[in-house]
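Structure first, commentary second.
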Amino acid sequence: MMVQNRAMATNDSGILNSAYLAMEYIDSFLPENPLQQPFNNVWVYMLNNYTKFQIATWGSLLIHELSYFLLCLPGFVFQFIPYMQKYKIQQDKWETWERQWKCFKTIIFNQFCIQLPLMCGTYYFTEYFNIPYDWESMPRWYLLLAQCLGCAVIEDTWHYFLHRLLHHKRLYKYIHKVHHEFVAPFGLQAEYAHPLETLILGAGFFIGIMVFCNHVVFLWAWLICRLMETIDVHSGYDIPLNPLHLVPFYAGSRFHDFHHKNFTGNYASTFTWWDKLFGTDSQYNSYTEKVKKEDHIVEKKTK
């Protein structure tokens with residue numbers, strides 16, 4: 001048995017090494033990234049002028065704030081563009097300025113009173129596990145992408161089961177009900193939640209880091225990817241040619257929008273497989289079939 005396990009481990013390692021070498025071979029034929037040298041200059045300047053604590057803590061906060069609000073900006077602007085209204089999923093529901101302002105204040109509280117203290121632990125995490133900061137140790141883009149995908153799978157699994165638990169009738173009204181104040185979600189509302197929910201569901205974000213982190217830049221890459229995904233599914237708009245739709249099994253905005261509208265089902269954060277496996281997407285499937293039939297009838301009448 002031990003020999004067999006060693007052989008399997010050796011085989012797995014060989015597969016991973018082969019995949020890595022294959023990606024390096026492909027990468028060698030790609031044109032040089034014109035942003036690489038400017039990024040290198042900025043990175044070296046950062047290392048020479050700031051401490052590791054400042055980079056890990058304030059750098060993470062800066063990346064989070066810039067990414068969050070820049071990614072929310074398109075959805076906010078869409079409210080003022082008549083052409084974009086045809087892509088709004090719940091056409092009959094619009095949030096007032098007062099409720100959007102309430103959402104903004106709650107998010108700022110969560111980000112600075114809950115998430116920032118957690119970010120302060122980033123430096124100690126990188127020190128304890130000897131996570132490098134230097135340019136030479138930085139993973140290539142394709143490794144970062146693969147690691148972020150692995151984190152998304154882990155986070156999605158955590159999110160599905162804990163999110164579903166928070167919908168239990170004995171827990172829902174105390175914690176998760178806050179997030180469901182908005183029946184028609186919008187991008188800014190992605191992090192609108194009870195402080196306990198921020199900690200409970202947010203824990204899934206850190207599990208992947210524990211598994212994959214091999215450089216501080218990975219922390220920021222995964223942070224941006226996670227924000228991009230959660231803001232997209234809460235956007236309230238189903239925009240065509242969305243590059244995230246190229247990701248296999250990606251749930252998307254319509255999938256999660258139905259969860260806010262229906263309150264039950266569609267519990268996963270990123271992918272659809274857990275909901276398919278446990279049948280918690282059945283109401284969504286029935287709803288989409290009903291909409292397709294109604295659209296087909298309307299189309300036939302207009303011909």
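Once every DSSP H run of n ≥ 4 in the chain is given -39500 (n - 2.57) and the sum is divided by its residues, what mean residue ellipticity at 222 nm do you get, rounded to the nearest 500 deg cm²/dmol?
After summing the helix terms and dividing by the residues of the chain, the value is -21500 deg cm²/dmol.
Mean separation of Cα pairs under 8 Å and 6+ residues apart, divided by the residue count of the chain: what relative contact order is that in percent? Mind dumping the intermediate values first?
Values: 271 pairs, mean separation 64.7, N = 303.
Result for the chain is 21 percent.
Ranking Glu181, Glu229 by Cβ neighbours within 10 Å, fewest first, what do you get?
Fewest-to-most Cβ neighbours within 10 Å comes out as Glu181, Glu229.
Cβ under 11 Å from Tyr68's Cβ, Tyr68 left aside: what net charge do those residues give with Lys, Arg +1 and Asp, Glu -1?
That sum, taken over residues with Cβ under 11 Å, equals -1.
Just name one of Phe218, Met119, Thr157: the one whose Cα is farthest towards the positive end of the charge dipole of the range 51-240 (beta-carbon charges, Lys/Arg +1, Asp/Glu -1).
About the Cα centre, the residue reaching furthest to the positive side is Thr157.
Neighbouring Cβ atoms within 10 Å as the yardstick, rank Phe249, Phe218 fewest first.
If I rank by nearby Cβ atoms, fewest first, I get Phe249, Phe218.
Rounding to the nearest 20 debye, state how big the charge dipole of the range 51-240 is about its Cα centre with +1 on each Lys and Arg Cβ and -1 on each Asp and Glu Cβ. Can you show the working numbers first?
Details: 14 positive and 15 negative charges, 122 e Å.
The calculation lands at about 580 debye.
5 Å is the cut-off here: which amide hydrogens, built 1.01 Å from N in the peptide plane, fall below it relative to Thr272, excluding neighbours closer than 5 in sequence?
For Thr272, whose amide H was placed from the backbone, the distant partners under 5 Å are Ala251.
Mind checking the full-extension length gain between His245 and Met210? Use 0.36 nm per residue of separation minus the Cα-Cα distance, one decimal, nm. Walk me through the numbers on the way to the answer.
On the way: separation 35, 0.36 × 35 = 12.60 nm, distance 2.73 nm.
Stretched fully, the His245-Met210 segment lengthens by 9.9 nm.
Residues of the range 122-164 with amide nitrogen under 11 Å from the 7 Å Cα-to-Cβ point of Gln36?
140-141
By count of other Cβ within 10 Å, fewest leading, how are Glu136, Glu294, Glu65 ordered?
Neighbour counts put them in this order, fewest first: Glu136, Glu294, Glu65.
We did not get these values from a lab; they are worked out from the coordinates using the rules stated. These figures come from a predicted structure and were not determined experimentally. Cβ sites come from the backbone with ideal geometry, for glycine too, and all protein chains shown count toward neighbours.
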